[in-house]
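Heads up: the structure comes next, in structure tokens.
Laboratory data are not the source of any read-out in this text; all were calculated from the coordinates shown. In this text the structure is predicted, and so the values were computed from the model without any measurement. With ideal geometry, Cβ positions are generated from the backbone for all residues, glycine too; neighbour counts draw on all protein chains shown.
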Amino acid sequence: MQLGKYPRAKLAQLPTPLEFMPRLTKALGGPKLYVKRDDCTGLATGGNKTRKLEFLLGEALAQGADTLITLGAVQSNHVRQTAAAAAKYGLKCEIVLEKRLSQTTEAYERNGNILLDKMLGANLRYVPGGTAMMPAAEAVADEIRAKGGRPYVIPGGGSNPVGALGYIDSAQEILRQSGEMGFAVDTVVVATGSTGTQAGLVVGFEAAQSGVDVLGVSVRQPGPVQEAAVFKLVEPTAAFVGLKHPIARERVMADGGYVGEGYGIPTPGMIEALDMAAKLEGLLLDPVYSGKAMAGLIDLARKGRWRADQNVVFIHTGGQAALFAYESVLGGPR
Ligand SMILES: Cc1ncc(COP(=O)(O)O)c(C=O)c1O
């Protein structure tokens, strides 16, 4: 599948590395674990959103936009990446931030991503938890239009068919790299939230008829609810790229067993995953997304989900800026 016909802005350092994780593999007794370093995409501390934003910003520029508008939680990595993309291309950036967590610390409110959003020049507007976020962003767009501006609204997490193109591209990259390294991928494990990353991967691997399973580890809602949400984006994304054969609903797999009490709320498994990745592989995960996804991978490996000779690729989706917002949980003696 060729993605060359879609407008695209250069933002990411690609390809990102695909690396074997020997010490984590040994500690768990298999499967063979690899990490796809999408934390190294390079834009303002990197992460998965850079790939999506290449296509979203590409479309925005093609439409002549002068302002990017997007939304997210206070420690949103997507917001930080959007602010950086706007800065790099000289666009204004308007952000609607949801106060999604009821209990937070000063570091959560002021450090990590939110600090970087301010440094990157975004204009931040706060709304209470539970606010209908897309209408709030559309209201900002109306305001910008009324002043003669040309806004482009990016949905939460950049998750629509245009953003998902970034992860179709990533699936193709993983197939190419694993082929060059001489192994066949059995399963890809990835954190799933606003769904675009997993949806793009599913479409990319299915389009290539690769047989690769994509297991999403939900960071926000129960597995079946998340699967339905991902599939809801898989279908229009497949249609958008003109995929000829249908993708079966069963090809969308999400595990909701590692959310804990809720989005952004730490779990013991997440803390153990951060510790193991850091101390065994020198790899920094994040507390909200990749940490919970790795907690799922570790637990499922321990429960024998994969044979020792199978190959599992963990997608490191970035998000480490949020570590500094979680000092109260991760710092101190442990
Ligand atoms: C670091 C990180 N990992 C994973 C995800 C989940 O990706 P998606 O929202 O496309 O499901 C996000 C989304 O915000 C993220 O910031």
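Shown in residue order for the stretch 93-108 are the 3J(HN,Hα) couplings computed by the Karplus curve 6.51 cos²θ - 1.76 cosθ + 1.60 at θ = phi - 60°: 9, 10, 10, 10, 10, 8, 7, 6, 8, 7, 10, 9, 10, 4, 4, 4 Hz (x for Gly and Pro). Give the percent of DSSP beta bridges with both residues in the chain that are antiparallel, rounded to the nearest 5. Percent antiparallel among DSSP bridges in the chain is about 10. Modelled label positions at Arg150 and Asp275, each set 7 Å beyond Cα in the direction of Cβ, lie 5.4 nm from each other. Within the listed set Lys303, Lys88, Lys292, the Gaussian network model of the chain (springs between alpha-carbon atoms below 10 Å) gives the highest mean-square fluctuation for Lys303. Each peptide in 145-155, 162-172, 65-75 receives the mean, over its residues, of other Cβ atoms within 10 Å, and ordering these scores from highest gives 162-172, 65-75, 145-155. Once you've got the GNM for the chain with C-alpha springs shorter than 10 Å, pick whichever of His316, His78, His245 has the biggest mean-square fluctuation. Maximum fluctuation in the GNM of the chain, among the listed residues, is at His245.
Kindly list the residues of the stretch 307-334 that lie in the label zone of Leu284, defined by a backbone N under 11 Å from the point 7 Å along the Cα-to-C-beta vector. In the stretch 307-334, the label zone of Leu284 (backbone N under 11 Å from the point 7 Å along Cα→Cβ) covers 319-325. Take the alpha-carbon positions of the stretch 223-300, form their convex hull, and give its projected area averaged over all directions (one quarter of the hull surface) in nm². If you wrap the Cα atoms of the stretch 223-300 in a convex hull and average its projections, you get 6.4 nm². Going by a ≥ b ≥ c, the root eigenvalues of the Cα gyration tensor, does the stretch 49-158 fall in the rounded group (a/c under 1.5), the prolate group (a/b larger than b/c) or the oblate group? Taking the square roots of the gyration eigenvalues as a ≥ b ≥ c, the stretch 49-158 is prolate.
Restricting the stretch 261-334 to GluC sites (Glu not before Pro) that sit in a DSSP loop and have at most 10 other Cβ atoms within 10 Å of their own Cβ leaves Glu261. The protection proxy used here, the mean number of other Cβ atoms lying within 10 Å of each residue, ranks peptides 105-116, 45-56 as follows, highest first: 45-56, 105-116.
I need the trypsin sites (Lys or Arg not before Pro) found in the stretch 177-246, filtered to DSSP loop residues with at most 14 other beta carbons within 10 Å of theirs. Within the stretch 177-246, the qualifying trypsin sites (Lys or Arg not before Pro) (loop, at most 14 other Cβ atoms within 10 Å) are Lys244. Got the relative contact order for the stretch 166-254 handy, in percent, Cα pairs under 8 Å and 6 or more residues apart? Computed value for the stretch 166-254: 32 percent relative contact order.
When the chain is treated as a GNM with alpha-carbon contacts under 10 Å, the residue of Gly157, Gly264, Gly291 showing the greatest mean-square fluctuation is Gly264. Look at Cys40, Cys93 and count the other Cβ atoms within 10 Å of each Cβ; fewest to most, that gives Cys40, Cys93.
Consider a paramagnetic label point 7 Å from the Cα of Thr105 along Cα→Cβ; state which residues of the stretch 311-334 have an amide N under 14 Å from it. Within reach of a label on Thr105, which here means backbone N under 14 Å from a point 7 Å along Cα→Cβ, the stretch 311-334 contributes 322-334. For the chain, the relative contact order comes to 22 percent (Cα pairs under 8 Å, sequence separation of at least 6). Among beta bridges identified by DSSP and lying wholly in the stretch 49-158, the antiparallel ones come to about 0 percent. Amide H contacts of Thr41: Gly47, each under 5 Å away and 5 or more positions distant or on a separate chain (H built 1.01 Å from N in the peptide plane; Pro and chain starts excluded). When the C-alpha to C-alpha distance is required to be over 28 Å, the pairs from Lys52/Lys232; Lys232/Lys303; Lys244/Lys292; Lys99/Lys292 that qualify are Lys232/Lys303; Lys244/Lys292. The stretch between Arg125 and Ala184, if pulled fully straight at 0.36 nm per residue, gains 16.6 nm over its current Cα-Cα span.
Semi-axis lengths, largest first, of the ellipsoid equivalent to the chain are 30, 24, 17 Å, with √(5λ) applied to each eigenvalue of the Cα gyration tensor.
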